[in-house]
Amino acid sequence: MKFLKEVYKNKVLLLMTLPVTVLLILLNYCPMFGALMAFQDFKAYKGFFGSEWVGFKNFEFLFKTSDAWIITRNTLCYNLVFIILGAILAVILAIIFDLLGKTRLNTVNQILVLFPHFISWVVGSYFVYTVLSFDKGILNGIIEFFGGTPINWYNEPKAWPFILPIAHFWKGIGYSSIIYYSSIKGISLDYYEAAKIDGAGWFQQVRYITVPMLKSIVIVMLILHMGSVFRSDFGLFYLVTRNSGALYNVTSTIDTYVYNGLTQGSNLGMTAATGLYQSIVACILVITTNAIVRKVSPDDAMF
Amino acid sequence: MKKKMVKLISLALALVLCLAVFSGCEKKTSDGEYYEIVWYNLGDTTKDHELVNEKINEYLKEKIGATVKMINFGYADYEEKMKLIMNSGEEFDLCRVVNFAHNVDGGAYLPLNDLLESHGQGILEVLPEYAWDVAKYDGEIYAAPSNKDWGTQYVIGCKKSLVEKYNFDFSNVKSLADMEPFLEIIKKNEPTYYPTDLRGNDYIKKLLPFEHINNSVLGAFDLHGDYSKVVNWIETDVAKDFFDMMHRWYQKGYLRPDADTATTSNDIKFFMNCMELIPYQEEQLNAEKPEDELRVFINIEEPIITTAYIQASMQAISRTSKNPEKTMEFLNLLYTDEYLHNLYVYGIEGQHYFLEDDGITIRYPDGVKSVTENDYRGEAYTQGNRYLLKLSPGSPADLWDAYAKFNEESFKSPMLGFTFDISNLSSEIAAMNNVYKQYMPGLTTGVLDPATALPEAIEKFKIAGSEKVFEELQRQYDEWKKK
């Protein structure tokens with residue numbers, strides 16, 4: 001009864017959320033039954049109900065390799081670097097934008113930093129290639145100019161743990177800094193004025209006002225990103241590396257491994273198994289991170 | 001008032017959403033009483049595609065009382081698109097085959113034995129026994145191979161201007177290894193040229209005397225040896241010598257430094273590359289080329305007819321087809337009806353092409369230099385009977401005879417028609433594919449040192465399950481052999 005009363009009271013608000021709810025159910029919840037496909041030898045003509053059940057067989061190939069450890073390590077480590085270093089860099093960038101104030105140069109700056117986000121990796125990978133190409137690359141040109149021997153970058157595993165984060169930040173940092181920039185804009189100017197009266201310089205203002213105020217949004221973003229820590233940016237790891245075999249030890253991730261293994265033919269069961277595996281790990285990670293945050297600083301936890 | 005508006009708007013939004021979902025399920029109806037055959041084929045969608053499609057429909061309505069909807073996908077995405085279409089169980093009738101064994105096993109195609117007997121006699125008559133063998137899976141026919149040149153010959157192509165400049169004599173060249181002295185001269189005297197354009201695609205391995213078995217990752221037969229025993233080709237001595245040689249060549253600079261990852265050769269000048277040829281293609285490749293791009297070709301293996309090559313151009317009827325009989329009738333026409341097949345490939349006579357005086361060669365309209373500039377074009381080899389077609393401009397008059405002779409004389413692989421069923425080995429094959437992509441481009445181009453990389457690769461293949469795959473492969477082959 002109380003529930004119905006509550007519904008009646010909020011009927012307009014509920015009605016407003018209806019379209020989104022319908023969308024969510026249709027596009028995010030209905031397809032979840034498809035996850036059962038991970039336990040099937042799925043055949044399109046037999047359909048979902050006619051296909052044979054095979055237990056955990058579809059998951060085998062993920063672990064049936066000497067590289068199971070390598071692909072898991074790569075996926076996790078790169079993502080952690082992307083998330084943690086990414087947050088730091090994005091906050092710094094946002095603060096710089098804020099300090100520069102509202103000048104035309106700053107606007108141009110922001111657009112330039114944001115721009116790579118809208119380039120797909122298909123195109124972006126050629127940007128990287130123009131830098132790293134053996135005979136026409138900018139980087140080898142510089143090395144040769146100073147009398148060094150050119151390096152075949154796509155055969156140099158040692159370089160890629162650095163190249164990949166640089167490429168990732170080149171593309172994504174502008175976009176993530178926008179979120180922080182807008183939160184900075186949301187901080188009441190009273191704080192800064194008060195600080196100025198007390199004689200705080202710009203660094204102290206940043207140190208004692210901006211950064212603490214950004215803390216909770218940084219934590220929220222961190223929790224959200226934890227959900228994707230077991231998925232890798234396929235374009236970055238497949239296209240930018242030109243799928244070079246010599247680099248697999250440092251560039252192979254779960255997604256590229258699955259793609260390389262299953263490009264011939266399409267095994268829906270095995271792909272679904274990978275997706276399910278990644279989702280479950282992601283779910284666990286999000287809940288764990290949130291639990292830790294709740295312990296450490298309860299106000300910032302998401303749920 | 002305001003509240004009412006909000007209510008109305010949200011209600012409207014919700015409705016629109018629901019409608020959008022349902023309209024996706026609405027069934028499209030076809031043209032009145034005629035059944036519409038939906039046909040996915042490989043090729044480009046040119047400007048006059050619809051026009052020719054209509055013309056074909058006019059003819060088909062009269063001939064078999066059906067229409068066809070021709071949908072073409074380009075080379076780059078045909079396979080991807082078909083995967084989606086077949087996996088979603090979409091209704092369609094006819095398509096070019098990709099990944100034959102995998103899709104037959106997945107149940108995408110209809111068995112055709114009875115249909116061919118009842119509605120496809122024309123196809124049965126035209127194709128030889130060994131072509132049908134290739135289209136069989138477990139003894140049942142699942143597709144119709146297009147009738148065309150089936151043999152293929154691997155050759156080395158060299159730049160003519162350089163061959164003449166240094167007076168090269170290739171009469172003793174029997175394999176890739178024999179090219180070494182020539183490459184050395186080019187390397188020494190022509191600093192702007194790379195001696196070869198060998199890259200880390202799967203092409204190089206075709207120059208070795210093996211016939212590779214589809215789907216098996218590494219399984220092959222020794223072309224000159226025992227065809228009853230499956231070998232892991234990378235563990236043979238031939239392969240080992242080959243990898244060593246490539247590594248030596250790479251270090252000497254006969255290959256481009258990024259040979260293992262380079263995807264195109266448009267950006268370099270090179271002396272030698274490898275390709276596959278069919279009769280008269282030599283002339284066609286050199287026709288209308290500037291002096292600088294002419295090439296000399298050296299045969300290194302006898303022409304061979306393999307399963308993979310025939311399977312690359314077959315048409316199959318979908319299991320989701322609502323009218324397989326009509327579809328088969330249409331397919332039958334492509335093998336027997338000269339007018340229809342020419343219409344499909346060359347377009348409308350008098351608009352997209354004109355007949356020369358000899359009655360069999362065509363020419364394009366004025367101002368159209370090659371077929372790629374024409375307002376319509378269909379692929380000539382993916383469907384039907386190629387021998388029914390008129391000849392494209394510049395072709396020798398006896399082209400079809402030459403093809404037929406070529407097919408007859410080509411070495412017919414003893415495993416024609418054997419398809420490796422990997423349905424129980426998917427995890428092993430997936431893991432092996434990864435090892436393959438990690439090591440093979442590097443080994444075949446010599447970028448990796450075989451002394452360390454080869455044992456490493458073999459070991460990794462074993463962990464991925466290569467031994468199990470080979471056992472199963474040999475078992476299936478023996479069983480197939482017995483039949």
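The values are calculated or read from the model by the stated rules, or taken from the named source; none is laboratory data. If you're wondering where the values come from, they're calculated on a predicted model, not measured in any experiment. Reconstructed Cβ throughout: ideal geometry from the backbone, glycine too, with neighbour counts over all protein chains shown. Surface accessibility is based on the protein's heavy atoms, side chains included, excluding ligands, DNA and RNA. Shrake-Rupley method; radii C 1.70, N 1.55, O 1.52, S 1.80 Å.
Summary of values
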read-out: Residues satisfying the stated conditions in region A:247-303, i.e. part of a loop (DSSP other than H, G, I, E, B) and over 18 Å from A:ILE217 (Cα atoms); value: A:SER252, A:THR253, A:THR263, A:GLN264, A:GLY265, A:SER266, A:ASN267
read-out: Only listed residue being open to solvent by 20 Å² or more (accessible area, probe 1.4 Å), of a type outside the set (Ser, Thr, Tyr) and within 28 Å of the chain's Cα centre (by Cα), chosen from B:ASP244, B:ASP226, B:ASP237; value: B:ASP226
read-out: Residue satisfying all of: in region B:73-84; hydrophobic (A, V, I, L, M, F, W, C) and outside any loop (DSSP other than H, G, I, E, B); surrounded by the fewest Cβ atoms within 10 Å (Cβ to Cβ) among these; value: B:LEU84
read-out: Residue list for region B:260-313, filter: more than 29 Å from A:SER244 (Cα to Cα), part of a strand (DSSP E or B) and touching a Lys or Arg at 6+ places or on another chain (Cβ under 9 Å); value: B:ARG295, B:VAL296, B:ILE304, B:ILE305
read-out: Helices (runs of 4 or more DSSP H) completely within region B:389-478 that count 2 or more residues being buried (at least 18 other Cβ atoms within 10 Å of the Cβ) and touching a strand residue (DSSP E or B) at 6+ places or on another chain (Cβ under 8 Å); value: B:399-409
read-out: Residue satisfying all of: in region B:180-209; surrounded by 21 or more Cβ atoms within 10 Å (Cβ to Cβ) and touching a Leu at 6+ places or on another chain (Cβ under 6 Å); farthest from B:SER466 (Cα to Cα) among these; value: B:PRO195
read-out: Any pair with Cβ under 8 angstrom, 6 or more apart, that starts in region B:422-448 at a residue that is within 7 Å of chain A (Cβ to nearest Cβ) and ends at one that is in a helix (DSSP H, G or I) and acidic (Asp, Glu); value: B:SER427/A:GLU60; B:TYR439/B:GLU456
read-out: Qualifying residue in region B:147-160 (condition: out of contact with any strand residue (DSSP E or B) (no Cβ under 9 Å at 6 or more places or on another chain), open to solvent by 40 Å² or more (accessible area, probe 1.4 Å) and of a type outside the set (Asp, Glu)); value: no
read-out: Subset of region B:182-202 that is in contact with a Phe, Trp or Tyr (Cβ under 9 Å, 6 or more places away or on another chain) and assigned to a loop (DSSP other than H, G, I, E, B) - its residue that is nearest to B:ALA312 (Cα to Cα); value: B:LEU198
read-out: Of the criteria (1) open to solvent by 20 Å² or more (accessible area, probe 1.4 Å); (2) under 17 Å from B:GLY43 (Cα atoms); (3) touching a strand residue (DSSP E or B) at 6+ places or on another chain (Cβ under 7 Å), which one B:LYS61 fails; value: (2)
read-out: Candidates A:LEU23, A:LEU27 - the one that is of a type in the set (A, V, I, L, M), within 13 Å of chain B (Cβ to nearest Cβ) and surrounded by 11 or more Cβ atoms within 10 Å (Cβ to Cβ); value: A:LEU23
read-out: Answer from B:LYS160, B:LYS174, B:LYS136 - the residue that is touching a Lys or Arg at 6+ places or on another chain (Cβ under 9 Å), of a type in the set (Lys, Arg) and in contact (Cβ under 8 Å) with a residue 40 or more places away in the chain; value: B:LYS160
read-out: Which listed residue, of B:ASP292, B:ASP267, B:ASP258, is loosely packed, with under 15 Cβ neighbours inside 10 Å, free of Cβ contacts under 8 Å to residues at least 12 places away in the same chain and more than 15 Å from B:THR152 (Cβ to Cβ); value: B:ASP267
read-out: Residue tally, condition of a type in the set (Ser, Thr, Tyr) and open to solvent by 60 Å² or more (accessible area, probe 1.4 Å), over region A:30-54; value: 1
read-out: Lone unmet requirement of (1) closer than 23 Å to B:TYR75 by Cβ; (2) open to solvent by 10 Å² or more (accessible area, probe 1.4 Å); (3) in a strand (DSSP E or B) for B:PHE354; value: (1)
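Listed here are the residues, each with its yes/no results for (1) farther than 27 Å from B:SER426 by Cα; (2) within 14 Å of another protein chain (Cβ to nearest Cβ); (3) modelled with pLDDT of 90 or more.
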residue	(1), (2), (3)
A:SER183	yes, no, yes
A:ARG207	yes, no, yes
A:ILE217	yes, no, yes
A:LEU222	yes, no, no
A:PHE237	no, yes, yes
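Residue-by-condition table, conditions (1) away from every other protein chain (no Cβ under 14 Å); (2) at negative phi; (3) without any contact (Cβ under 8 Å) to a residue 60 or more places away in the chain:
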| site | (1), (2), (3) |
| --- | --- |
| A:TYR192 | yes, yes, yes |
| A:THR210 | yes, yes, no |
| A:SER244 | no, yes, no |
| A:TYR277 | no, yes, no |
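Residues checked against (1) in contact with an Asp or Glu (Cβ under 7 Å, 6 or more places away or on another chain); (2) facing chain B (nearest Cβ under 10 Å); (3) open to solvent by less than 50 Å² (accessible area, probe 1.4 Å):
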site: A:GLN204; (1), (2), (3): no, no, no
site: A:LEU247; (1), (2), (3): no, yes, yes
site: A:TYR259; (1), (2), (3): no, yes, no
site: A:ASN267; (1), (2), (3): no, yes, yes
site: A:VAL286; (1), (2), (3): no, no, yes
site: A:ASP299; (1), (2), (3): no, no, no
